[in-house]
Amino acid sequence: MGVQDHKEAAADQVTTLRGAVITVSDSRTEATDESGKLLMELIEGAGFAVGAYRLIKNEKDLLQRTILELSREVDFMITTGGTGMSPRDLSIESCRPLFTKELEGFGDVFRLLSFQEIGSAAIMSRATGGSVGRAMVFCLPGSKAAVRLATERLILPEIKHLIAQVRKA
């Protein structure tokens, strides 16, 4: 089977999905969380439900507890924020140990697409993705442009295919 055959089979197997949005920030509020709002709009616009929204501080234990809790409630999670190089950016260090399998290509392709838009600053993103049990987790930067790029060009086009794969017996 080719990739298109796999995607079509996955679309038949996975008919409804619930996503979660997790904004990781020490400074954002619900009123100022533009990236979180955009994620919810994109998820719902693709025909999926938003099953949870969390706005949490850049704290490793808190993010890990949130990911583990939501992995039993939703099919996929997208975090925004905490993927840069500052000492407070802890999303990658928090999520990576929880991954059943890491999706290394996600971060690589995201940085390539980002490079085409913003140039060399793309190397500063540590965006990644992976599975946590039967759920997918994607860690994105906090900017709206990065959220839109990753969600529209990478996550939403493949999410049913990815979920079908992680659920295989």
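The values are calculated or read from the model by the stated rules, or taken from the named source; none is laboratory data. The shown structure was predicted, so the numbers you read here are calculated from the model rather than taken from an experiment. We place every Cβ from the backbone using ideal geometry, glycine too, and count neighbours over all the protein chains shown.
The table for this structure:
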read-out: Pairs with Cβ under 8 Å, 6+ apart, first in region 150-169 and in contact (Cβ under 8 Å) with a residue 40 or more places away in the chain and farther than 20 Å from Phe115 by Cβ, second surrounded by fewer than 18 Cβ atoms within 10 Å (Cβ to Cβ) and hydroxyl-bearing (Ser, Thr, Tyr); value: Val166/Thr100
read-out: Residue within region 96-113 that is among the β-branched types (Val, Ile, Thr) and either in contact (Cβ under 8 Å) with a residue 40 or more places away in the chain or in contact with a strand residue (DSSP E or B) (Cβ under 7 Å, 6 or more places away or on another chain) (or both) present; value: yes
read-out: Whichever residue in region 125-147 is part of a strand (DSSP E or B) and hydrophobic (A, V, I, L, M, F, W, C) and, among such residues, is nearest to the chain's Cα centre (by Cα); value: Phe138
read-out: Candidates Arg96, Arg111 - the one that is closer than 20 Å to Leu162 by Cβ, part of a helix (DSSP H, G or I) and either modelled with pLDDT under 95 or touching an Asp or Glu at 6+ places or on another chain (Cβ under 8 Å) (or both); value: Arg96
read-out: Condition met for Arg126 (basic (Lys, Arg), farther than 15 Å from Ser25 by Cβ and crowded, with 16+ Cβ neighbours inside 10 Å); value: yes
read-out: Complete set of residues in region 144-169 that are surrounded by 19 or more Cβ atoms within 10 Å (Cβ to Cβ) and not hydrophobic (A, V, I, L, M, F, W, C); value: Thr151, Lys160
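For (1) surrounded by 20 or more Cβ atoms within 10 Å (Cβ to Cβ); (2) of a type in the set (A, V, I, L, M, F, W, C); (3) touching a residue at least 12 places away in the same chain (Cβ under 8 Å), each residue gets a yes or a no:
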residue	(1), (2), (3)
Ala31	no, yes, no
Lys37	no, no, no
Met40	no, yes, yes
Glu44	no, no, no
Val50	no, yes, yes
Leu55	no, yes, yes
Lys60	no, no, yes
Phe76	yes, yes, yes
